[in-house]
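Nothing in this text is a laboratory measurement; each read-out follows from the coordinates by a stated rule. Quick caveat, the model's predicted, so the values are computed rather than measured. Virtual Cβ from ideal backbone geometry, glycine too; neighbours counted across all protein chains shown.
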Amino acid sequence: MTFFGRFLRQLVFSGLGLFGFTAGLAQTTIVINADLGKDTISRHIYGHFSEHLGRCIYGGYYVGEGNTLVPHTRGIRNDVVQALRKLKIPNLRWPGGCFADTYHWKDGIGPKEKRPTIVNTWWGGVTEDNSFGTHEFLDLCEQLGAEPYISGNVGSGTVQELADWVQYVNFGGVGPMAALRTSHGREKPWDVRYWGIGNETWGCGGNMTAEYYANVYRLYATFVSSSWGNSRIFRVASGAGGGDYRWTEVLMRDIPHGLLEGVALHHYACNWEKKGSATKFTEAEYFDTMKRAWHMEDLVRNHTNVMDRYDPKKKIALVVDEWGGWYDVEPGTNPGFLFQQNTMRDGVLAGMTLNIFNARCDRVRMANLAQTVNVLQAVVLTDEKSMIVTPTYHVMEMYTPHHDAVLLPVTFASPEYTYGGESVPALSVSASRDKNGTMHVSLVNVDVRSGRDVVIDVRGRKLSSVQGRILTSSKVQDHNTFEDPERVKPVDYKEAKLEGSTVKARLPAGSVVVLSLK
Ligand code: AHR
């Protein structure tokens with residue numbers, strides 16, 4: 001590339017010319033069949049994950065009942081709960097992650113002064129006082145209006161221990177665990193439906209083979225049952241890391257389907273050799289992140305294909321219970337705490353990933369962004385007294401109309417975003433119809449160099465109005481800070497023009513737009 005070429009690319013990438021280079025680009029026609037659609041986008045695709053890791057639980061959600069600096073309810077920060085309620089979080093996965101397979105739940109119940117401490121060996125080697133345990137987590141879920149998703153300890157626990165936990169939280173009759181719960185001030189059971197049977201059992205959860213784990217799963221799942229409560233229990237098997245299709249194959253083959261409601265999948269858009277800064281990244285690094293994020297589409301398709309062979313009626317869900325971007329920790333912070341900033345890059349990553357899940361909602365019926373507060377691709381960052389929300393938060397909030405809406409068929413040929421001789425799709429689109437008949441279309445322009453013109457051709461219904469919001473920023477590295485908390489935030493989008501049954505719009509480089517069509 002010539003010096004001028006490099007200069008021009010740099011100029012554009014640095015944001016100075018982000019919107020000025022669209023002339024001459026062909027427009028993309030997106031056809032949406034508004035009168036079709038049969039599958040529902042489960043709201044549980046929009047779930048979150050919160051581990052005992054760094055400042056996610058302690059300091060993030062939980063400041064303790066004695067805290068006088070920040071308003072809280074029974075030790076849980078009001079500002080965080082208030083912000084998260086706007087996301088309508090459907091479910092929250094806890095306590096890990098790798099931590100889950102070291103966690104013994106009985107250490108975290110009863111009078112706090114009597115609870116034993118635990119050393120968090122996976123994350124920073126810090127000592128925790130167990131002041132945030134089962135009651136506090138379920139209180140948090142109630143405050144959020146989210147369903148709990150408890151990840152059980154298989155790696156270092158016992159079947160009895162996990163069965164007791166199920167009984168403790170779900171059993172309303174007369175029994176030892178129900179009596180213990182009542183003695184700790186909670187008479188009514190919580191009725192927890194979602195249970196993970198171990199986490200990453202091929203790695204931090206026990207380094208098992210697929211065949212060995214399938215047998216272990218059968219054992220545990222037998223005792224994690226609906227017989228302790230009213231809920232239909234939903235058990236999730238610890239799933240593949242990325243493209244380990246054999247793992248999924250063995251679980252689907254060896255576990256009786258009557259014991260299995262979901263199979264997990266974990267995928268981070270991360271360059272494990274060189275993660276790079278969360279905020280100071282080049283276009284090469286941005287492109288690399290997008291490539292890895294797009295890989296989710298292959299993973300979901302291929303794991304689905306494996307599952308389809310054993311479960312053609314799609315009774316068992318694919319549960320992507322860890323996903324997101326993973327970069328270097330912020331300079332000067334504890335490397336074991338995984339605290340990273342969150343830029344417009346992460347907003348784009350979230351938008352396209354959620355569109356991928358929507359498109360596959362017949363099989364992907366649950367997913368969990370890692371992790372909600374102060375860890376990895378967080379939606380909320382806190383310091384001692386204040387809280388800010390990230391670009392990823394805004395995308396999650398903008399996408400709430402997709403929750404439990406009917407997925408509509410979308411057809412288009414995406415233009416390409418090319419970098420260094422490689423290319424990925426530049427556009428990601430998803431459409432749904434909510435229960436009032438309003439259509440929502442989420443459009444992501446992954447390309448940070450070029451804006452894109454689109455024509456949305458809506459078939460099967462008449463349109464009378466279009467409204468929208470956009471999340472973008474002059475530079476894809478832009479992010480919110482405690483000093484500048486609203487640098488990246490959604491604004492009304494005025495570029496969508498309704499012409500008969502079509503909507504014309506221009507998507508700026510590196511943007512997420514959600515349109516509401518009536
Ligand atoms: O989310 C951080 C860690 O990533 C989780 O603890 C683990 O499950 C995964 O490897």
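When +1 charges are put on Lys and Arg Cβ atoms and -1 charges on Asp and Glu Cβ atoms, the dipole computed for region 42-406 relative to its Cα centre reaches about 760 debye.
How far is it, in nm, from the label point at Glu113 to the one at Glu211 when both lie 7 Å from their Cα along the line to the Cβ? The two pseudo-label positions are separated by 5.5 nm.
Please give me the summed charge of the neighbours of Lys494: other residues whose Cβ is under 14 Å from its Cβ, Lys and Arg +1, Asp and Glu -1. Result for the neighbourhood of Lys494: +2. For region 430-445, backbone phi angles converted through the Karplus equation (6.51, -1.76, 1.60; θ = phi - 60°) give residue-by-residue couplings of 9, 9, 8, 10, 7, 5, 8, x, 6, 9, 10, 10, 9, 10, 10, 9 Hz, Gly and Pro being listed as x. Shape class of region 92-159 from the Cα gyration tensor (axes a ≥ b ≥ c, square roots of the eigenvalues): oblate, since a/c reaches 1.5 or more and a/b does not exceed b/c. Round to the nearest 10 and give me the degree value, 0 to 90, for the angle of helix 245-254's Cα axis relative to the longest principal axis of the chain. In the chain, helix 245-254 runs at an angle near 40 degrees to the longest axis. DSSP assigns beta bridges within region 29-167; of those with both partners inside it, close to 45 percent run antiparallel. Under 8 Å for C-alpha pairs, at least 6 residues apart: give me the relative contact order for the chain, rounded to a whole percent. Relative contact order of the chain: 20 percent. Within the shell of other residues whose beta carbon sits under 10 angstrom from the beta carbon of Asp478, the net charge comes to +2, with Lys and Arg scored +1 and Asp and Glu -1. For every helix of n ≥ 4 consecutive DSSP H residues, a contribution of -39,500 (n - 2.57) applies; sum these over the chain, divide by its total residues, and give [θ] at 222 nm rounded to the nearest 500 deg cm²/dmol. Only helices count here, giving -7500 deg cm²/dmol. For the pair region 445-516 and region 112-162, the centres of their Cα atoms are 40 angstrom apart. Ordering Val503, Gln143, Val476 by Cα displacement along the dipole of the chain toward the positive end leaves Val503 in first place; charges were set at the Cβ atoms of Lys, Arg (+1) and Asp, Glu (-1).
Which of the trypsin sites (Lys or Arg not before Pro) found in region 303-398 are in a DSSP loop and have at most 13 neighbouring Cβ atoms, other than their own, within 10 Å?
For trypsin sites (Lys or Arg not before Pro) across region 303-398 that sit outside H, G, I, E and B with at most 13 neighbouring Cβ atoms in 10 Å, the list reads Lys313, Lys315, Lys385.
If you wrap the tightest convex hull around every Cα atom of the chain and split its volume per residue, you get 148 Å³. Partners of Lys315 within straight-line reach, counting lysines whose Cα lies under 17 Å from its Cα and excluding those fewer than 8 residues away in the same chain: Lys38. Of the residues His266, Asn358, Val395, the one whose Cα sits farthest towards the positive end of the charge dipole of region 42-406 is Asn358 (charges of +1 on Lys and Arg Cβ, -1 on Asp and Glu Cβ, taken about the Cα centre). Its relative contact order, with pairs defined as Cα atoms under 8 Å and 6+ residues apart, puts region 216-336 at 32 percent. Listed by chain and number, the lysines whose alpha-carbon sits under 24 Å from that of Lys86, ignoring those within fewer than 8 places in the same chain, are Lys385, Lys435, Lys489, Lys494, Lys518. Go through Gly185, Trp195, Gly242 and say which Cα lies farthest out towards the positive end of the charge dipole of region 184-253; charges sit on Cβ, +1 for Lys and Arg, -1 for Asp and Glu. Sorting the options by dipole projection puts first Gly185. Only aspartates and glutamates eight or more places from Lys274 in sequence, or on another chain, were considered; those with a Cα closer than 17 Å are Glu283, Glu285, Asp288, Asp328, Glu330.
No disulfide-compatible partner, judged by a Cβ distance under 4.7 Å, exists for the following cysteines of the chain: Cys56, Cys141, Cys270, Cys361.
Under the combined filter of DSSP loop state and at most 12 neighbouring Cβ atoms within 10 Å, region 387-478 retains these trypsin sites (Lys or Arg not before Pro): Lys435, Lys462.
Annotation note: trypsin sites (Lys or Arg not before Pro) in region 228-305 located in DSSP loop regions with a Cβ neighbour count of at most 15 within 10 Å are Arg232, Lys274, Lys280.
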